[in-house]
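Below: one structure, written as structure tokens.
The values are calculated or read from the model by the stated rules, or taken from the named source; none is laboratory data. Just so it is clear, the model here is predicted, and its values are computed rather than measured. We place every Cβ from the backbone using ideal geometry, glycine too, and count neighbours over all the protein chains shown. All accessible areas refer to the heavy atoms of the entire protein, side chains included, with ligands and DNA or RNA removed. Shrake-Rupley method; radii C 1.70, N 1.55, O 1.52, S 1.80 Å.
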Amino acid sequence: IYAFRRQDGPLDDISTVIKLVNDGLICGVDFTGKESQNLPSKFSKMITKLEYENIPYTYHLGEQSGVEELMQLLKFNPNRIGHGLSIDEKTIDLILEKEIHIEVCLTSNIYARRMTLLQHPVKLLYTRGCSFSLNEDDSVFFNTNIIKEYALLKTIIPEVDLDKIYQDTLNASFSSLS
């Protein structure tokens with residue numbers, strides 16, 4: 001996956017990305033980096049080209065931004081959203097309709113957003129049947145690993161169907177093996 005740093009500004013020409021995908025060297029694009037001043041509208045031409053070429057992409061959004069920025073992103077069709085902490089009852093229907101996968105990073109989200117585990121939208125995602133995966137983000141910095149992330153999830157959703165999460169994770173991968 002090509003990790004695209006948003007703070008570097010949009011690419012006017014994505015022909016190299018297209019070639020790398022066509023050559024099998026990468027399987028998608030991940031919009032990473034600072035959210036502030038790097039909202040989806042700034043990258044609309046690039047996103048439109050990726051979607052036209054059927055190149056899957058993840059857009060990290062929600063660690064510092066709110067519902068307005070999420071609605072801006074939902075005008076497009078990302079395959080995955082990284083974090084998505086601003087997902088609420090108003091936006092989840094659109095996420096479900098568009099079949100967007102959410103990459104959840106509980107520990108990172110709690111520290112970065114200064115929220116409690118119970119404030120995290122993961123329970124809403126689960127109860128509404130949204131596709132999501134558990135991930136570790138900055139695991140060394142936050143002293144976490146995937147086992148700790150699953151243990152955290154079990155504290156707020158004791159009845160969680162782990163097989164569904166595993167299947168959602170596989171289905172959302174950009175790999176041809178999924």
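Below is a table of values for the structure above.
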read-out	value
Lysine pairs in the stretch 1-159 with Cα atoms under 16 Å, if 8 or more residues apart or on separate chains	10
Viscosity 1.306 mPa s, 10 °C: Kirkwood-radius Stokes-Einstein D of the stretch 61-101 over Cα pairs, µm²/s	159 µm²/s
Fraction of accessible area attributable to carbon and sulfur, the chain (%, probe 1.4 Å)	52 percent
Placed amide H near Ile81: partners under 5 Å, 5+ positions off or other chain	Tyr59, His101, Ile102, Glu103
Per residue accessible area in Å² of the chain, where ligands, DNA and RNA are left out and the probe is 1.4 Å	54 Å²
DSSP-loop GluC sites (Glu not before Pro) across the stretch 33-135, with at most 14 other Cβ within 10 angstrom	Glu53, Glu99
Calculated log₁₀ intensity ratio I(q)/I(0) where the Debye formula runs over C-alpha points of the chain, q = 0.13, 0.15, 0.18 Å⁻¹	-0.65, -0.87, -1.25
